[in-house]
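This report refers to the structure that appears directly beneath it.
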Amino acid sequence: MTKKPNNGLSYADAGVNIDAGNELVERIKPLVRSTRRPGADGEIGGFGGLFDLRAAGFSDPVLVAANDGVGTKLKVAIEAEKHDTVGIDLVAMCVNDLVVQGAEPLFFLDYFATGRLDAVQGEAIVSGIAEGCRLAGCALIGGETAEMPGMYANGDYDLAGFAVGAAERGTLLPTNDIVEGDMILGLASSGLHSNGFSLVRKIVAGSGLSWNDPAPFEQDKTLGEALLEPTRIYVKSILAAITGTHGVKALAHITGGGFTENIPRVLPKAFAAEIDLDKVEVPPVFSWLAEQGGVEKTEMLRTFNCGIGMIAVVASGQAAQVAAVLQKAGEHVETLGRIVPRRDKGVIYRGALDL
């Protein structure tokens, strides 16, 4: 016998709560307004976000776009039940990629997908996104919230971010005048940033610690809080160095792959980066991970930033000036090395990483 269809079903019966989505939109409207900047002053809720390049002060701009996610750091946030900082990570991973090309981040859009929409959790996530946008000086002009039961388990969610920036034509980085002897400056990271968390979670699982246990490497924080320290956003300090010195030739955002993979991406094929690892001040979290997981130093360098989140290649005669501007803007800066002729590898290591 054929079963009669149930004609009383609704979208909510299928697991999608339109009312919760509407509630979230109302909750985040003040957060979105807090990110307004010249060029963007609209409200969310339309079918697309608007940005006025002329109002932002550009005359002949080249647009630069980037997108990224937070990776399995989200699993730590979910399991530790702390959702208010991963939005900063989401913005940081995108806007740091824009500024290394000499572009000023202008606006940001997010994609938030979950198995069951919780308006309070969603507000916490978007609060972090808004904070990241404020730190980067860009406007949150829109996004998408997708409730997808059956795709994600209850409590799980994923984030993706999309950022667009601009630079006046002819000012993009890297420049074409990188030469032997240019200096390499390293800007300190805030911790793990958003890379290597699949390995981090495996190490934590093997340690027997829970996310609510005290962090072995940081006082007054739980392990979850310490590992969720958000990615540092370098935008305002780097833009100050670019416009204030004209000595910055190239920048590299140190994400997955560490120095080894990221620095050669911004160098001419004829040159390599010589890095003195003795100059790298390694935060305790990396030492704990290396010891707890038995991770070799070469693997640490290929997986994590190890304490340096951004690299700047600068003219040798302007290295001190660039470092001074960065330090005034709040960065901890270390001279890590110099540009040398390339013979084999794109990065040549001297000294040893102090783990």
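The values are calculated or read from the model by the stated rules, or taken from the named source; none is laboratory data. Keep in mind it's a predicted model, so treat the numbers as computed, not measured. All Cβ positions, glycine included, derive from the backbone under ideal geometry; neighbour counts span all protein chains shown. These accessible areas exclude ligands, DNA and RNA; they are computed on the full protein's heavy atoms, side chains included. Shrake-Rupley method; radii C 1.70, N 1.55, O 1.52, S 1.80 Å.
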Requested in this report: For segment 203-284, with all protein chains present and a 1.4 Å probe, just round the carbon and sulfur fraction of the accessible area to a whole percent.
Outcome: 49 percent
Report summary line: Expressed in angstrom and rounded, the centroid-to-centroid distance over alpha carbons for segment 67-120 and segment 172-210 is 17 Å
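Tell me the trypsin sites (Lys or Arg not before Pro) within segment 198-255 that lie in a loop according to DSSP and have at most 15 other beta-carbon atoms within 10 Å.
Answer in residue order: K221.
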Report task. Please give every one of the lysines within straight-line cross-link reach of K269, meaning a C-alpha to C-alpha distance under 21 Å, and leave out same-chain neighbours fewer than 8 residues apart. Result -> K249, K345
Query raised in the report: Hey, quick one: spin label on V16, modelled 7 Å out along Cα-Cβ, who in segment 150-166 has an amide N within reach, i.e. under 16 Å?
Result: 150-152
Requested in this report: Compute the FRET efficiency between K236 and K279 as 1/(1 + (r/R0)^6), taking r as their Cβ-Cβ distance and R0 = 25 Å, and round to the nearest 0.05.
Outcome: 0.50
Query - Too-long pairs where the Cα-Cα distance tops 18 Å, listed order kept, from K236/K328; K82/K221; K75/K236; K75/K202 - result: K75/K236
Requested in this report: Roll a 1.4 Å probe over the protein chains and send me the accessible area per residue for the chain in Å².
Outcome: 47 Å²
Query raised in the report: So how far apart, in nm, are the two label points at E168 and K202 if each is 7 Å from Cα heading toward Cβ?
Result: 4.9 nm
Query - Candidates per GluC sites (Glu not before Pro) in segment 247-302, loop by DSSP, up to 14 other Cβ within 10 Å - result: E281, E296
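Taking square-rooted eigenvalues a ≥ b ≥ c of the alpha carbon gyration tensor, is segment 232-325 rounded, prolate or oblate, where a/c under 1.5 means rounded and, failing that, a/b exceeding b/c means prolate? Intermediate values should be presented prior to the final figure.
On the way: a/c = 2.32, a/b = 1.73, b/c = 1.34.
It comes out prolate by the Cα gyration axes.
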**Report entry** Label point distance in nm, K29-A329, each placed 7 Å from Cα along Cα→Cβ
**Finding:** 3.5 nm
Requested in this report: Find, among the GluC sites (Glu not before Pro) in segment 42-143, those assigned to loop by DSSP (not H, G, I, E, B) with at most 16 other beta-carbon atoms within 10 angstrom.
Outcome: E43, E81
Query raised in the report: If you compute Rg/Rh (Cα atoms, Kirkwood Rh) for the structure shown, which of (1) 1.02; (2) 0.98; (3) 1.14 do you land on?
Result: (1)
